[in-house]
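Working notes, beginning with the structure itself.
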Amino acid sequence: MSFSTLLPHTPRAGFKTDTQPPFYIQSFTADSENGPAPFDTFTRLSRYEIIWFTEGTGTLTVDIDNHSIHDNMIFCLVPGQIRNCQITEPVQGFYISFSEDFLYQTDIYKRGISTLHPYSAVTSASFITVDAAMQQEIEFVVNKMKKEFENYNLLRSEILSGLLYILSTYISRKLEKRADDTISSKDAGLVQQFMQMLRNQYTTMKQVSDYAAELYVSPNYLNRAVKKITGFTASAQIQRHIVMEAKKQAIHTTGSMKEIAYTLGFTDIAHFSKFFKNNSGMSFTNYRKHLSYSV
């Protein structure tokens with residue numbers, strides 16, 4: 001079985017998107033002999049995904065970044081990202097996906113699941129390696145989750161949300177070890193809100209002052225907080241995110257520069273062209289040519 005069979009695709013705006021129930025979990029085995037196992041198409045995610053590779057090797061591409069897969073790796077992906085998987089050796093593991101509605105209706109977002117969101121665009125995916133000390137605990141939670149999902153018992157959603165919260169807490173412990181211990185929880189929460197707002201509103205909000213006003217802080221404070229946690233100022237993160245989205249569309253769609261500029265909120269194509277070159281080091285046209293030479 002391959003991931004392709006787990007993720008039904010429906011076309012939208014030049015990308016593939018997935019449609020599933022509010023919460024979904026399944027174990028998987030994928031190799032060159034069991035179906036179309038690596039992915040044959042890129043998929044733009046409309047929901048959260050947690051993919052635990054218990055065995056195997058390969059490459060998981062998220063947006064424009066490649067991540068090596070090895071035994072006992074867990075990847076956490078978020079809506080709006082594009083992912084593809086190329087398998088080198090047979091892989092096994094568990095695939096979990098869930099909608100934002102599932103989070104909100106069970107209130108677990110406020111209780112900790114938001115920590116699975118990457119703090120910044122420095123890396124496009126959050127990932128951990130499961131060590132021996134936590135493997136047994138995670139296996140128990142995931143197997144319990146799978147059993148509950150496959151049986152339509154009373155209060156099924158509540159139990160699944162509770163198990164998802166436990167799993168996210170285990171993952172968050174690992175993710176938080178990478179963070180600077182001196183970072184205040186206030187600033188960490190502020191940066192999470194900023195990054196989520198950026199992902200959702202980058203086409204209409206392109207100034208730090210726009211985000212600062214929504215978050216009730218000064219632009220200078222927001223810039224300092226974002227730089228302290230991510231290594232980049234808020235203004236740099238805005239520019240990086242817009243350029244990343246432009247590159248994603250250049251790679252994965254056939255839209256013209258004018259069409260892509262419009263989808264990113266630019267009404268002046270000359271302004272977009274200058275913005276792209278200043279922030280990527282080459283013109284949009286040359287970037288497209290570079291892609292064609294790289295194939």
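Nothing in this text is a laboratory measurement; each read-out follows from the coordinates by a stated rule. None of these values were measured; they are calculated from a predicted model. Counting neighbours? That spans all protein chains shown, and the Cβs are built from the backbone with ideal geometry, glycine included.
Cross-link pairs exceeding 24 Å between alpha carbons, from the set Lys206/Lys277; Lys228/Lys248; Lys228/Lys258; Lys206/Lys274; Lys248/Lys289: Lys228/Lys248; Lys228/Lys258. At full extension, Glu158 and Ser218 could sit 17.7 nm farther apart than now, given 0.36 nm per residue minus the alpha carbon distance. Computed 3J(HN,Hα) for the range 190-206, one whole-Hz value per residue from the Karplus formula 6.51 cos²θ - 1.76 cosθ + 1.60 where θ = phi - 60°, is 4, 5, 4, 4, 4, 5, 5, 5, 4, 4, 8, 10, 5, 6, 10, 10, 10, glycine and proline marked x. Note on the range 244-285: with charges restricted to the Cβ of Lys and Arg (+1) and Asp and Glu (-1), its dipole about the Cα centre is near 120 debye.
In terms of other Cβ atoms within 10 Å, Tyr262, Tyr211 run from fewest to most in the order Tyr262, Tyr211. Around the Cα centre of the range 185-294, unit charges on the Cβ atoms of Lys, Arg, Asp and Glu (plus for the first two, minus for the last two) sum to a dipole of about 360 debye.
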